[in-house]
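The values are calculated or read from the model by the stated rules, or taken from the named source; none is laboratory data. Everything numeric in this text was worked out from a predicted model, so none of it was measured. Positions of Cβ are generated from backbone atoms using ideal geometry, with glycine treated the same way; all protein chains shown enter the neighbour counts.
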Amino acid sequence: MATKKLTKSLIQKMINEEKAKLLETLEQGAKTPADAAKKAREVDADKMADTLASDLDHYKQMKIHEERLVKQLKSIREAKDRLKARLLKNID
């Protein structure tokens, strides 16, 4: 039976794997990694595709909304500049 030497890189890899498992466990609110695996739900690929499509649609809607807000902000800034100029003109 062949034995492997524990090198620094191998130990570091093992530590990182365990760390990832523990972080996933903590994120899910489970006490042990086995509990986290039990709580994980499996989703069919077609459901994920629907989610991806809806996320993409939502992203497009937010982009359009952002464009409208930018236009409104531009007009507000222009009005603000005109009022500032009028105020400064009336002060003199």
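Being modelled with pLDDT under 80, outside any helix (DSSP H, G or I) and hydroxyl-bearing (Ser, Thr, Tyr): is that true of Thr25 here? Lay out the reasoning, then the answer.
Values: modelled with pLDDT under 80: yes; outside any helix (DSSP H, G or I): no; hydroxyl-bearing (Ser, Thr, Tyr): yes.
Against the criterion (modelled with pLDDT under 80, outside any helix (DSSP H, G or I) and hydroxyl-bearing (Ser, Thr, Tyr)), Thr25 does not qualify.
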Open item on the list: Give me the residue from the stretch 1-22 that is loosely packed, with under 10 Cβ neighbours inside 10 Å and basic (Lys, Arg) and, out of that set, modelled with the lowest pLDDT.
Closed with: Lys4
